[in-house]
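Below: the structure, in structure tokens.
Quick note: the coordinates plus some simple rules give every number you see, no bench work behind them. All figures in this text were calculated on a predicted structure; none of them were measured in a lab. Glycine also receives a Cβ, built like all others from the backbone with ideal geometry; neighbour counts cover every protein chain displayed.
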Amino acid sequence: MGEVGKSQVRVDAFDKATGRTKYYEDLMPQNALYVRIKHAEIAHGFVKSVDTSAAEAIAGVVKVITCFDVPDIVFPTAGHPWSMDPGHQDVADRHLLNRHVRYWGDDVAVVIAEDEVSAMQGVRALKVEYEELPFVLDVQKAMEDGAPQLHENYPHNILKHTDMRKGDYQAAIQEPGLIKVEGWYDTPTVQHCHIENHGCFAYEENGRIVVVTSTQIPHIIRRVVGQALGRPWADIHVIKPYIGGGFGNKQDALYEPLCAYCTTQVGGRPVRVDCSREETFVSNRVRHAIRFHIVSWLRKDGTFAARKVECFSNQGAYASHGHSIVAKGMGSFAQHYPCDNMESDAWTVFTNRPAAGAMRGYGMPQASFADEANVDDCAKALGMDPLAFRMQNIMPQGFEDGFSHNVNYYDSYRDCMKVGRAYIDYDRKMAEYAKETGPIRHGVGVATFWYNTAVYPISLETSSNRMQLNLDGTVTMQCGETEIGQGADTAYAQMTADVLGLKSYKDVHVVSCQDTDITPTGLGAYASRQTYTAGFSIRQTGLLLKEKILQYATDLTRQAVYNMDIVDGNIVRSTDGKVLMSLRELAMTAQYNAAKSEHITAESTFTIRNNAYSFGCTFADIEVDIPMCKVTVRDIINVHDCGKLINPALAEAQVHGGMSMAIGYGMGEQLLFDEKTGKPLNNNLLDYKLSTIMDHPHLEAQFVENPEPTSAFGTKALGEPPACSGAPAIRNAIYNATGVAIDQNPINPHILFKRFSEEGLIQD
């Protein structure tokens, strides 16, 4: 039996459990100077002056750098592959430090000091004079005539607008007897809340800048740092050790460019930037708050005649990942529930909020909430069971997207919904709960999710891999796809072992810590791409290495290559299974053979020109205490077709993490801002209502394994999809229990009180 498909222990489990694992701070030089950032205390305006004299007088302060001192170079920060087409490149709108302040918390100056206390004292001693300007926080108000303008090249603060048209919407809605279902759906600004805050350190060595950073995208960071400093990209050497989570926040160049610049200003001495939790909340990245307007026109037979979707994405102060997030969300509507007549529009709009970037799900938690809420509203308007309505209208087997040419090869949606229906005991509970009328009620909700795997054809999708045969017959493997805590290295080891015919995945040494001077170029961890994309280069490189091994074995065994194979770490004759020699014997012979010494290695790059659909659903069973405005999730299941499971235990862990985030997104999490000042109100883990184990029931994860035909190992997106459908499933369960449709999340007690009062369930 091979290693793929087994629940093997993570390759990093022991070191992480015992504290041996090295993160960026564990590698920090003891003499590193501390860099602390002065953040703006206005929401919008210009820095007129910075008085640095008091800060410079503090003992231990080495240097103060202001927004007037840094190079006048604008650069992009998004963790996207470089495009040779200038029109397809990310928007460059950031300076290392900013004179034009665009949100409360913008970076205007830094203090570099010998110790942390001196650095913090120096920051507090800086006196900044501002020219304040009006600000705007709401996405649609930012589009109005006369709204404060954040970037001169983007009238009405619109970064980008795209549209999709299919059929003839206006003609379709003229069909007699249609039922119109219209709603506005709001999703909030939230933060990733990974365990390890972002941080990095930098120093100069041999005329180059070395940056050690907690990032998901080391090779892209090298490029962005080079752009920001006006240096050749090869001048930048980036090292990514283990990182304590990212969830998309670290799919951006955060403070690596500033850190790199700071070392050049102090003679190349090591400098460190360590973000506090408060800085992580506001001055890193957040998830886009997106407002949706959906109009669905329904036939009485339960089918869609036409749909109109408008999406307004709150980008915050800077472009970061920009329009790609809402564009993905908008694109899902026409695929998730195909309709012959659709109009879809999406706007990405600058506001004076923290910059929004990538976050787990990349636009789909927002789109799923809106779409699945509207679908339940449609079922209610028709008097249909919500699950039956989905079964009738959801993407059918054989569906092909006209843009990506992704194909739904299986009836995965319905397969998953059948599994969830049975687990949650849907039919019995729906009938039983419908009889409840008291203050305590119960409900069942369902929501589905759709997700692409990787980014082709939107952007470059590539993977590189290097393998070498070691003297003991084990294999060392390197790839550019990064381990960020999700267990990717273990999956890579299992796949490598299977391709090469090794005895165990433990015979594969995965070099986890990417180094841009050493590691094959990779794009990093994002877009649920890791296992899918790396699988192509792992299989290709593994087959190359295997061929080289067998070619060398030919000289030693007198057997033809095609008559040999590698099984359990041995060279065997395929005709009769006879063991000819071990990989260890071959490796030692190859290395020290006086007649033909050879170090057996292989390296290759695979450009991926496929994508894959991942499908699934969530069923939630909830209890609502109407007078107390309290919702308790009693049971929840996520069913997922992510293709072939490489490691079922890791897959289950990924789903549990996504479900946990979805519960928080649905019921508690929201970054709030003072409407009068733009100041964040809850930028810490005390005031920000992150869900905990106390908010979770048993998290059930089940899988429908339909191997993906386009995949090297039959696998596809797993890491992000489970975070998408939990929130709308909870929303729909509340709707089922109370008859009250709530069209915004998080659905917290404040929202429940307001809506229950409006619907007459609570009387003053």
Margin query: Charges at C-beta only: +1 for Lys and Arg, -1 for Asp and Glu. How large is the resulting dipole of the chain about its Cα centre, in Debye rounded to 20?
Written below: 920
Margin query: Amide H of THR715 versus every other amide H placed in the peptide plane: which residues, excluding those fewer than 5 positions away on the same chain, fall under 5 Å?
Written below: LYS644, GLU708
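Provide the FRET efficiency to the nearest 0.05 for the HIS88-LYS578 pair, computing r from the beta carbons and using R0 = 60 Å.
Calculated transfer efficiency: 0.60.
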Next item on the list: Express in whole angstrom the spacing between the alpha-carbon centres of the stretch 98-136 and the stretch 156-184.
Entry: 45
Next item on the list: Go ahead and estimate [θ] at 222 nm for the chain from helices alone: -39,500 (n - 2.57) per DSSP H run with n ≥ 4, summed, over the residue count, rounded to 500.
Entry: -8500 deg cm²/dmol
Check: What are the residues whose amide H is under 5 Å from the amide H of ASP385, where those residues sit 5 or more places off or on another chain and H is modelled from the backbone?
Finding: none
Check: How much length is gained if the chain between ASP427 and VAL74 is pulled fully straight, taking 0.36 nm per residue apart and subtracting their Cα-Cα distance, in nm to one decimal?
Finding: 121.3 nm
Next item on the list: For each of ARG755, ARG558, count neighbouring Cβ atoms within 10 Å of the residue's Cβ, then give the residues from fewest to most.
Entry: ARG558, ARG755
Notebook entry, point to check: Under a point spin-label approximation (7 Å from Cα along Cα-to-Cβ), what is the GLN591-LEU556 distance to one decimal in nm?
Noted result: 1.2
Next item on the list: Could you calculate the contour length gain from GLN170 to ALA57, that is, 0.36 nm times the residue separation minus the distance between their Cα atoms, to one decimal place in nm?
Entry: 33.7 nm
Notebook entry, point to check: Karplus couplings for the stretch 453-468 from phi (6.51 cos²θ - 1.76 cosθ + 1.60, θ = phi - 60°), rounded to Hz, Gly and Pro as x?
Noted result: 10, 6, 10, 5, x, 4, 8, 4, 10, 8, 8, 10, 8, 10, 10, 9
Note to self: Could you give each residue of the stretch 608-616 its phi-based ³J(HN,Hα) in whole Hz, using Karplus coefficients 6.51, -1.76, 1.60 with θ = phi - 60°, and x for Gly or Pro?
What the structure shows: 8, 10, 9, 9, 8, 7, 10, 10, x
Item checked: the stretch 610-663 versus the stretch 54-76: alpha-carbon centroid distance in Å -> 46
Next item on the list: Describe numerically, in nm with one decimal, the distance between label points set 7 Å from Cα along Cα→Cβ at HIS156 and at ARG299.
Entry: 3.5
Checklist line | Contour excess over end-to-end distance, with Cα ends at LYS16 and GLU278 and 0.36 nm allotted per residue | finding: 91.7 nm
Notebook entry, point to check: Between the stretch 545-584 and the stretch 354-413, how many Å separate their Cα centres?
Noted result: 50
Notebook entry, point to check: Of the labelled options [x] 81, 79, 52; [y] 73, 66, 57; [z] 91, 75, 48, which one gives Cα extents along the principal axes in Å as computed for this structure?
Noted result: [z]
Next item on the list: Determine, for each peptide in 118-130, 172-184, 729-741, the mean count of other beta carbons within 10 angstrom over its residues, then list the peptides with the highest first.
Entry: 729-741, 118-130, 172-184
Note to self: If you take every DSSP beta bridge fully contained in the chain, what fraction is antiparallel? Give it as a percent rounded to 5.
What the structure shows: 80
Notebook entry, point to check: Ranked highest first by average number of other Cβ atoms within 10 Å, how do 188-198, 58-68 line up?
Noted result: 188-198, 58-68
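Can you flag which of LYS250/LYS676; LYS644/LYS689; LYS240/LYS716; LYS380/LYS754; LYS160/LYS308; LYS308/LYS689 are past 27 Å Cα-Cα?
LYS250/LYS676; LYS644/LYS689; LYS308/LYS689
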Next item on the list: Pop the C-beta distance of VAL9 and HIS698 into the FRET formula with R0 = 25 Å and round what comes out to the nearest 0.05.
Entry: 0.60
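Over all directions, how big on average is the projection of the convex hull of the alpha-carbon atoms in the stretch 324-399, in square nanometres? Can you show the working numbers first?
Details: hull surface 26.4 nm².
It is 6.6 nm².
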Next item on the list: Let me know the volume per residue of the alpha-carbon convex hull for the stretch 33-78, in Å³.
Entry: 134
Next item on the list: Just order 95-105, 496-506 by mean Cβ neighbour count inside 10 Å, highest at the front, would you?
Entry: 95-105, 496-506
Next item on the list: Determine, for GLU256, GLU310, the number of other Cβ atoms within 10 Å of each Cβ, and report the residues in order from fewest to most.
Entry: GLU310, GLU256
Item checked: Exposure proxy order (Cβ contacts within 10 Å, fewest to most) of THR213, THR351, THR692 -> THR692, THR213, THR351
Item checked: Cut-off 17 Å, label 7 Å out along Cα→Cβ of GLU705, residues of the stretch 633-659 by amide N -> 639-655
Notebook entry, point to check: On alpha-carbon atoms, Rg over Rh for the stretch 462-607 using Kirkwood Rh?
Noted result: 1.00
Check: Tell me, what is the percent relative contact order of the stretch 462-607, built from C-alpha pairs under 8 Å that lie six or more residues apart?
Finding: 34
